[in-house]
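The values are calculated or read from the model by the stated rules, or taken from the named source; none is laboratory data. The structure presented is a predicted model; accordingly, all values stated were derived computationally and were not measured. So basically every Cβ, Gly included, is an ideal-geometry build from the backbone, and we count neighbours across all protein chains shown. Quick note on the areas: whole protein, heavy atoms, side chains included, nothing else; ligands and nucleic acids left out. Shrake-Rupley method; radii C 1.70, N 1.55, O 1.52, S 1.80 Å.
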Amino acid sequence: MNTTPQYSFGTLVRKPNFRQFLANDLPLTILCLAALIVAGMDGIFLGNVLFWFSLAIALCLVYRYFYLRSMSYTFTAEQIIYEHGVFKRTRDYCELYRVIDFREESSFLQQIFGLKTVTIYSGDRSTPRLDIVGIGSIDNIIPVIRERVTANRKRHGIYEITNR
């Protein structure tokens, strides 16, 4: 007879909200648009240089947008899988039983756009810190992760010993 408790968790997938792009790059976007407008005016000194400079910034912004939109965080019963990359896709795996702590934070622009970043600290060598960016501020994901971490620690027989 198996006395090990069985836990059944569904797979959750979270992607950064598109508003995270604005929270990250709003000042650079405004600068790029202003530079394009000024470069288009007649008689502007070094207008060509300003145009090419703003075009380079615009290409950088487009790449950053696609990079952000390519990110995904998958929470399975045993792992957190972080996928990212535009030209080269990378998957980082973090075992849930290795998770040590959590943190939520919101920058000023994230607060304006109703977003937050959830940081997960783990004993994993390849991913000791995982920032889950662009999560809606009302998305209460930490209790879900905590429940899965606790279940995985029990399943693997891992207990935390603290020195107080």
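Things worth noting here:
- Percent of Cα-Cα distances greater than 27 Å, calculated over the stretch 34-164: 41
- Length-normalised contact order for the chain - Cα pairs under 8 Å, 6+ apart - percent: 22
- Projecting the Cα atoms of 38, 21, 82 onto the charge dipole of the stretch 1-93 (Cβ charges, centred on the Cα centre) puts 82 farthest toward the positive pole.
- When peptides 57-64, 129-136 are sorted by average Cβ neighbour count within 10 Å, with the highest value leading, the order is 129-136, 57-64.
- The stretch 15-49 and the stretch 88-164: distance between their alpha carbon centers, rounded to Å: 34
- Relative to the current alpha-carbon distance between residue 140 and residue 26, full extension at 0.36 nm per residue lengthens the span by 38.5 nm.
- Cα centre as origin, Lys/Arg/Asp/Glu Cβ charges: the chain dipole, Debye: 460
- For residue 11 and residue 112, the FRET efficiency from 1/(1 + (r/R0)^6), where r spans their Cβ atoms and R0 equals 35 Å, is about 0.65.
- The stretch 31-78, accessible surface, carbon-and-sulfur percent (1.4 angstrom probe): 75
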